[in-house]
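Engineer: Structure provided below as structure tokens; questions to follow.
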Amino acid sequence: MGYEIAMRSGKVLHSVLIMMLFVAILFATRTFSSTGMLLEDEGVEQSPIIEKTVTFLKERKPGVPEHRIKVIANSVHREAKRYDIDYRLVLAIMKVESNFKNDAISRRGARGLMQIQPSSAQIIARESGVQVKGAKCLHEPEKNIQIGVSYLSKLRGMFDNIVSALHAYNAGPARVKKPVDHDKVKTTAFTRRVMREYRQISEILPDPDEKQVADPERALF
């Protein structure tokens, strides 16, 4: 009887050890975001597009840790897909606004990759379900991208075209008039820079659906 109990205990202990080893291997080989969300296997991208985005960011910011670059790439793709916005446009905004620096602070106090104003962030965060506790949160790539893309999506809905939405993103929606004729949309230095970056990035990175688009700007409207 004692022998059988010992054998059963040994089997249970063996099973527990195997399970603990499995969990340890899982945590050792996976990358988690700052919020605890599983992003991807370390060194294995979720898709060819994300892999190309990681390479794109590495080439432009060689000193940034690889883990942070992967968080940025995954966040950009996730939020762009959620709001049906071309991820290359989000990258173009980040390039113009912060040059991909998550610690960037403008003279007017805008922060992070997509240069979000702390006062605006609180409102946008509540609407998009993002928890923001102080301005420092805006330097976290995930939260900054979540808020920035949500805001851009809202502006696109307000103005019915991406150029006016970009103008409002930069200047504030109260300073932008909704155009009556989409062929006569007002452009600014900021919108022209973003669209120029978008065209350049579109020559490097593939369409979100991995389909060739003759004119990438057609996908924005």
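Engineer: Restricting to region 111-123, and then to whatever is touching a residue at least 12 places away in the same chain (Cβ under 8 Å) and surrounded by fewer than 22 Cβ atoms within 10 Å (Cβ to Cβ), can you tell me which residue is farthest from Arg156 (Cα to Cα)?
Structural biologist: Among those that are touching a residue at least 12 places away in the same chain (Cβ under 8 Å) and surrounded by fewer than 22 Cβ atoms within 10 Å (Cβ to Cβ), it is Pro118.
Engineer: State which residue is nearest to the chain's Cα centre (by Cα) when the search covers only region 40-51 and only residues that are surrounded by fewer than 16 Cβ atoms within 10 Å (Cβ to Cβ) and either part of a helix (DSSP H, G or I) or at pLDDT 95 or above (or both). Even if it seems obvious, please write down each step before you answer.
Structural biologist: Step one: list which residues in region 40-51 are surrounded by fewer than 16 Cβ atoms within 10 Å (Cβ to Cβ), which gives 41-44, 46-48, 51.
Now narrow it down to the ones that are either part of a helix (DSSP H, G or I) or at pLDDT 95 or above (or both): 48, 51.
Numbers: Pro48: 16, Glu51: 14 Å.
Per the stated criteria, the residue is Glu51.
Engineer: Return the pair list, or none, for Cβ contacts closer than 7 Å from residues in region 199-219 that are part of a loop (DSSP other than H, G, I, E, B) to residues that are modelled with pLDDT of 90 or more and of a type in the set (Phe, Trp, Tyr), at least 6 apart or on different chains.
Structural biologist: From residues that are part of a loop (DSSP other than H, G, I, E, B), the pairs are Leu205/Phe56; Pro208/Tyr87.
Engineer: Can you report the number of residues in region 153-185 which are part of a helix (DSSP H, G or I) and of a type in the set (Asp, Glu)? Working first, answer last.
Structural biologist: Taking region 153-185 first, the residues part of a helix (DSSP H, G or I) are 153-159, 162-171, 173-175, 182-184.
Keeping just the survivors that are of a type in the set (Asp, Glu) gives 183.
Qualifying residue count for the region: 1.
Engineer: Only one residue in Val96, Val64, Val76, Val90 is over 22 Å from Arg196 (Cα atoms) and either surrounded by 14 or more Cβ atoms within 10 Å (Cβ to Cβ) or touching an Asp or Glu at 6+ places or on another chain (Cβ under 6 Å) (or both), so which one is that?
Structural biologist: Numbers: Val96 fails: over 22 Å from Arg196 (Cα atoms); Val76 fails: over 22 Å from Arg196 (Cα atoms); Val90 fails: over 22 Å from Arg196 (Cα atoms).
Sole residue among the options that is over 22 Å from Arg196 (Cα atoms) and either surrounded by 14 or more Cβ atoms within 10 Å (Cβ to Cβ) or touching an Asp or Glu at 6+ places or on another chain (Cβ under 6 Å) (or both): Val64.
Engineer: Given Arg126, Arg108, which one is exposed (fewer than 15 other Cβ atoms within 10 Å of the Cβ), modelled with pLDDT under 95 and part of a helix (DSSP H, G or I)? Walk me through it before giving the result.
Structural biologist: On the way: Arg108 fails: part of a helix (DSSP H, G or I).
Among Arg126, Arg108, only Arg126 is exposed (fewer than 15 other Cβ atoms within 10 Å of the Cβ), modelled with pLDDT under 95 and part of a helix (DSSP H, G or I).
Engineer: How many residues are on the phi > 0 side of the Ramachandran plot and charged (D, E, K, R) when one looks only at region 124-139?
Structural biologist: 0
Engineer: So, one more: Return a yes/no flag: does region 30-39 have any residue that is at pLDDT below 95, hydroxyl-bearing (Ser, Thr, Tyr), out of contact with any Phe, Trp or Tyr (no Cβ under 9 Å at 6 or more places or on another chain) and more than 21 Å from Gly148 (Cα to Cα).
Structural biologist: Filtering region 30-39 down to residues at pLDDT below 95 leaves 30-39.
Right, trim to hydroxyl-bearing (Ser, Thr, Tyr) and you get 31, 33-35.
Keeping just the survivors that are out of contact with any Phe, Trp or Tyr (no Cβ under 9 Å at 6 or more places or on another chain) gives 31, 33-35.
Okay, now just the ones that are also more than 21 Å from Gly148 (Cα to Cα), so 31.
Yes; the residues of region 30-39 include at least one that is at pLDDT below 95, hydroxyl-bearing (Ser, Thr, Tyr), out of contact with any Phe, Trp or Tyr (no Cβ under 9 Å at 6 or more places or on another chain) and more than 21 Å from Gly148 (Cα to Cα).
Engineer: Could you grab me the full set of residues in region 183-198 that are closer than 14 Å to Met94 by Cβ and without any contact (Cβ under 8 Å) to a residue 40 or more places away in the chain?
Structural biologist: Result: no residue meets the conditions.
Engineer: Can you name the condition, by its number, that Glu142 falls short on among (1) in contact with a His (Cβ under 8 Å, 6 or more places away or on another chain); (2) surrounded by 14 or more Cβ atoms within 10 Å (Cβ to Cβ); (3) acidic (Asp, Glu)?
Structural biologist: (1)
Engineer: Is one or more of the residues making up region 200-209 farther than 18 Å from Ile85 by Cα, surrounded by 13 or more Cβ atoms within 10 Å (Cβ to Cβ) and among the hydroxyl-bearing types (Ser, Thr, Tyr)?
Structural biologist: Taking region 200-209 and keeping what is farther than 18 Å from Ile85 by Cα, we get none.
Looking through region 200-209, none of the residues is farther than 18 Å from Ile85 by Cα, surrounded by 13 or more Cβ atoms within 10 Å (Cβ to Cβ) and among the hydroxyl-bearing types (Ser, Thr, Tyr).
Engineer: Being farther than 16 Å from Tyr169 by Cβ and either assigned to a helix (DSSP H, G or I) or in contact with a helix residue (DSSP H, G or I) (Cβ under 7 Å, 6 or more places away or on another chain) (or both) is the filter here; which residues of region 89-105 pass it? Give the steps one after another, and end with the answer.
Structural biologist: Just the residues of region 89-105 that are farther than 16 Å from Tyr169 by Cβ, to begin with: 99-103, 105.
The answer is Phe100, Asn102, Asp103.
Engineer: Any chance you could count how many residues in region 126-177 are over 15 Å from the mean Cα position of the chain (by Cα) and of a type in the set (A, V, I, L, M)?
Structural biologist: Within region 126-177, the first condition is being over 15 Å from the mean Cα position of the chain (by Cα), and the residues that meet it are 126-127, 129, 131-136, 154-177.
So of that shortlist, the ones also of a type in the set (A, V, I, L, M) come out as 132, 135, 155, 158, 162-163, 165-166, 168, 171, 174, 176.
Residues meeting the conditions: 12.
The values are calculated or read from the model by the stated rules, or taken from the named source; none is laboratory data. What you see is a predicted model, and the numbers here were worked out from it, not measured in a lab. Reconstructed Cβ throughout: ideal geometry from the backbone, glycine too, with neighbour counts over all protein chains shown.
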